[in-house]
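Peer 1: Submitted below is the structure of interest, expressed as structure tokens.
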Amino acid sequence: SQLEERMSLFEKAGLDVRIVVAPRKAAPGLEERSSTSMKERLREMLAAEDAAKQQLPMEAFHRSLPWRFCFCGGWMDLKWCNELWSGCAITINIAFHEGICRDECGLATSSRKWAAKLWNGGMPKHLGPLRAAQFLWGAENFDAAATEERLYWAGSQDHCGLLFSGVNKLCYAGGRHWPHTVVSLCDPADPRQAAIFAWLERVVHIVDIPFVSRPPGYNSQEVNRLKDPSVPLAEKVRIVRTLAEASEQAWEAILAMDAAKLGKALSDTMAAWEAMLPYTTDPYRGKDAAKSEELRAFVARHGFPPQRG
């Protein structure tokens, strides 16, 4: 036993040690337990708690897991885009807000579901943000990378945006899925960064579209001009370059706290998306003329330059 092993150590050291083992008897009505059985019981309790969390709906994790706001440069994190021209995606890590945070709303909700599975609805405190983002990206993309049972990849800006706090500039190039450089504004104790955070909260308004903007069976890549062999290479490069330049302008506008420049950069991003993936900006294109016009009018009303109405 372990006790005998300890006694032999004392004997080898020439120490005269006497160990008294007090009788351990449970009080009447209580089960006799050993330290080993108590540890096993704790393991069972933790396993049961983890299993219970896995059964909870995502609403239970609205506040324990952050949300990723793809601010500018979406799609630059996929190889079929950044292999044509290098550029950045800008993400903002936000807390839950009941007015905007919901499923299928462009806030990395599919990646949040994977995070909930991996870490039972909480943030992985044993991992740094970078390593956690890598694990999350690998988990969600296993079927695309390992078994090739899935044709599409989840872009890494989703995972980085969820795990990296603050405002992040993720730089992509060379047909790679992972950013080669990350620039972060994440220190509220820094006066300059704190001013930028306050400015963004003041000038950025998230407007809820007051009607269904994604029809059943929506596929953002129903038409992907960057994968279309009939589109000339020069045109594909032009489109991605436009997106990359819009993202760079948005980052410069954030640093300068220039609202007009930022508004134009966001509108230029929408224009690049329409040229690249037309169904990202109008899912009703060619299918429902009335809804398509309603959506386009709504977007135009909130675009740059500002429109009245």
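Peer 1: Which order do the peptides 166-176, 35-45, 21-31 take when ranked by the mean count of other beta-carbon atoms within 10 Å per residue, highest first?
Peer 2: Ranked by mean Cβ neighbours within 10 Å, highest first: 166-176, 35-45, 21-31.
Peer 1: On a 0 to 90° scale, report how tilted helix 2-12 is relative to the longest principal axis of the chain, with both axes built from alpha carbons and the result rounded to the nearest 10.
Peer 2: For 2-12 against the chain, the angle is about 60 degrees.
Peer 1: Can you give me the accessible area per residue for the chain, using a 1.4 Å probe, in Å²?
Peer 2: 60
Peer 1: Between 0 and 90 degrees, rounded to the nearest ten: what's the tilt of helix 35-54 against the longest Cα principal axis of the chain?
Peer 2: Roughly 20 degrees between the two axes.
Peer 1: With charges set only on the Cβ (+1 for Lys and Arg, -1 for Asp and Glu), what does the dipole of the chain come to about its Cα centre, in debye to the nearest 20?
Peer 2: 260
Peer 1: Which residues in the range 270-304 place their backbone N less than 19 Å from a point set 7 Å from the Cα of ALA260 along the Cα-to-Cβ direction?
Peer 2: Within reach of a label on ALA260: 302-304.
Peer 1: For LEU118 and ARG214, calculate 0.36 nm times their separation in residues minus their Cα-Cα distance, and state this gained length in nm to one decimal.
Peer 2: 31.7 nm is the gain from fully extending LEU118 to ARG214.
Peer 1: Using 0.36 nm per residue of separation minus the Cα-Cα distance, give me the extension gain between ARG202 and SER8 in nm, one decimal.
Peer 2: 62.7 nm
Peer 1: Report the calculated FRET efficiency for HIS302 and TYR152 (r = Cβ-Cβ distance, R0 = 35 Å), to the nearest 0.05.
Peer 2: That pair, HIS302 with TYR152, gives E of 0.75.
Peer 1: Using only Cα atoms, tell me the angle between helix 289-301 and the longest principal axis of the chain; keep it within 0 to 90° and round to the nearest 10.
Peer 2: The angle comes out near 80 degrees.
Peer 1: Same structure, new question: Distance in nm between label sites at ALA194 and ASP143, each 7 Å beyond Cα in the beta-carbon direction?
Peer 2: That separation, rounded to one decimal, is 4.6 nm.
Peer 1: Per residue of the range 57-62, in order, report the coupling 6.51 cos²θ - 1.76 cosθ + 1.60 (Karplus, θ = phi - 60°) as ³J(HN,Hα) in whole Hz, putting x for Gly and Pro.
Peer 2: So the Karplus estimates, Gly and Pro as x, are x, 4, 4, 5, 10, 4 Hz.
Peer 1: Enter the per residue convex hull volume of the range 215-268, computed from alpha-carbon coordinates, in Å³ rounded to the nearest integer.
Peer 2: With only Cα atoms used, the range 215-268 gives 99 Å³ per residue.
Peer 1: Counting only other residues whose beta carbon sits under 13 Å from that of PHE10, what net charge do I get with K and R as +1, D and E as -1?
Peer 2: Overall, the nearby charge balance is -1.
Peer 1: Right, next: I need the semi-axes of the equivalent ellipsoid of the range 133-202: take the C-alpha gyration tensor, multiply each eigenvalue by 5, square-root it, list largest first in whole angstrom.
Peer 2: Largest first, the range 133-202 gives 31, 12, 9 Å.
Peer 1: Same structure again: Just grab the label-to-label distance for ASP103 and VAL231, each label 7 Å out from Cα along the Cβ direction, in nm (one decimal).
Peer 2: Result: 3.1 nm between the two label points.
Peer 1: So what is the diffusion coefficient of the range 185-305 in µm² per second by Stokes-Einstein at 20 °C and 1.002 mPa s, using a Kirkwood Rh over Cα pairs?
Peer 2: Roughly 131 µm²/s, to the nearest whole number.
Peer 1: On to the next question. Placing one identical point scatterer on every Cα of the range 1-146 and ignoring solvent, what is log10 I(q)/I(0) from the Debye formula at q = 0.11, 0.13, 0.15 Å⁻¹?
Peer 2: -0.66, -0.77, -0.92
Peer 1: When 1/r is averaged over all different Cα pairs and the result inverted, which Kirkwood radius in Å belongs to the chain?
Peer 2: With all distinct Cα pairs of the chain included, I get 23.0 Å.
Peer 1: Shifting gears a bit: Whole-Hz Karplus ³J(HN,Hα) for the range 240-252, in order, using 6.51 cos²θ - 1.76 cosθ + 1.60 and θ = phi - 60°, x for Gly and Pro?
Peer 2: Going residue by residue, I get 5, 4, 4, 5, 5, 5, 5, 5, 5, 5, 5, 5, 4 Hz, with x marking Gly and Pro.
Peer 1: Determine the shape class of the range 156-238: with a ≥ b ≥ c the square roots of the Cα gyration tensor eigenvalues, call it rounded for a/c under 1.5, and otherwise prolate if a/b is greater than b/c, oblate otherwise.
Peer 2: oblate
The values are calculated or read from the model by the stated rules, or taken from the named source; none is laboratory data. These numbers come from a predicted model, not from an experiment. Virtual Cβ from ideal backbone geometry, glycine too; neighbours counted across all protein chains shown. For accessibility, only protein heavy atoms count, side chains too; no ligands or nucleic acids. Shrake-Rupley method; radii C 1.70, N 1.55, O 1.52, S 1.80 Å.
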